[in-house]
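Step one of this worksheet: look at the structure below.
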């Protein structure tokens with residue numbers, strides 16, 4: 001039977017999906033409900049392909065990583081088939097695991113531009129009505145942090161230093177004013193004492 005094949009492109013990335021319609025669900029002949037193969041090509045990177053389970057895991061991991069980045073949350077995305085995380089240099093590290101025994105994981109290192117291109121291809125696939133994939137189970141469900149939950153280290157690094165600086169300035173200002181007032185008060189006392197003998201002499 002002739003297979004349908006569709007490709008989705010964005011700059012550095014191309015996603016190709018091949019498969020068959022499911023006539024038991026009244027699919028049209030140009031639809032794909034049964035995905036037989038898929039391939040993700042990225043410039044200067046090895047091609048990624050695998051089973052439909054791999055495709056679902058890859059899509060889920062990329063969407064979750066993108067959502068965490070938008071929420072400014074640095075968390076690793078890990079599953080049985082893929083690990084994905086953002087490193088300190090701003091690149092995305094990908095580890096793809098095979099279901100076949102004695103096959104080493106495929107490791108990729110891509111930049112933000114390639115990551116965005118991959119997300120764009122997945123968005124094209126999500127909005128393409130001729131390929132039947134339930135994206136409701138692939139989109140991330142990330143709980144928002146409560147108002148009272150915060151990162152203690154981030155709090156220490158951002159709030160405490162300015163507070164200490166303001167506290168130091170306040171102490172310095174207080175000490176300066178204190179010494180200035182004491183000095184001014186002593187000067188007044190000296191002036192009054194020095195004038196007393198003159199006053200006493202005039203009275204006599």
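The values are calculated or read from the model by the stated rules, or taken from the named source; none is laboratory data. A quick note: this is a predicted structure, and the numbers were derived from the prediction, not measured. Heads up, the Cβs are rebuilt from the backbone with ideal geometry, glycines too, and the neighbour counts pull from every protein chain shown.
Among the residues of the range 29-53, those that are in a loop (DSSP other than H, G, I, E, B), under 27 Å from residue 112 (Cα atoms) and without any contact (Cβ under 8 Å) to a residue 60 or more places away in the chain comprise 44, 47, 50, 51.
Within the range 76-114, the set of residues being in a loop (DSSP other than H, G, I, E, B), within 21 Å of the chain's Cα centre (by Cα) and at pLDDT below 90 comprises 76, 87, 88, 89, 90.
Which of the numbered conditions does residue 54 fail, given that it passes all the others? Conditions: (1) modelled with pLDDT of 95 or more; (2) under 24 Å from the mean Cα position of the chain (by Cα). Going through (1) modelled with pLDDT of 95 or more; (2) under 24 Å from the mean Cα position of the chain (by Cα) one by one, residue 54 breaks only (1).
Quick check on residue 92: is it buried (at least 19 other Cβ atoms within 10 Å of the Cβ), touching a strand residue (DSSP E or B) at 6+ places or on another chain (Cβ under 6 Å) and more than 30 Å from residue 2 (Cα to Cα)? Here the answer is yes, as residue 92 does meet what is asked. Among the residues of the range 14-58, the one identified as more than 25 Å from residue 100 (Cβ to Cβ) and in contact with a helix residue (DSSP H, G or I) (Cβ under 7 Å, 6 or more places away or on another chain) is 33. Within the set 136, 120, the sole residue that is in the same structural domain as residue 47 (by TED's automatic domain parsing), without any contact (Cβ under 8 Å) to a residue 24 or more places away in the chain and closer than 30 Å to residue 30 by Cα turns out to be 136.
To keep it simple, each residue is scored yes or no on (1) assigned by TED's automatic domain parsing to the domain that holds residue 97; (2) surrounded by fewer than 19 Cβ atoms within 10 Å (Cβ to Cβ); (3) not in a strand (DSSP E or B).
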position: 8; (1), (2), (3): yes, no, no
position: 15; (1), (2), (3): yes, no, no
position: 18; (1), (2), (3): yes, yes, no
position: 27; (1), (2), (3): yes, yes, yes
position: 55; (1), (2), (3): yes, no, yes
position: 58; (1), (2), (3): yes, no, yes
position: 63; (1), (2), (3): yes, no, yes
position: 74; (1), (2), (3): yes, yes, yes
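Residue 73 meets all of the listed conditions (1) over 17 Å from residue 12 (Cα atoms); (2) over 14 Å from the mean Cα position of the chain (by Cα) but one, namely (2). Could you please find all residues in the range 34-50 being out of contact with any strand residue (DSSP E or B) (no Cβ under 7 Å at 6 or more places or on another chain) and surrounded by 15 or more Cβ atoms within 10 Å (Cβ to Cβ)? 50, the sole residue that qualifies.
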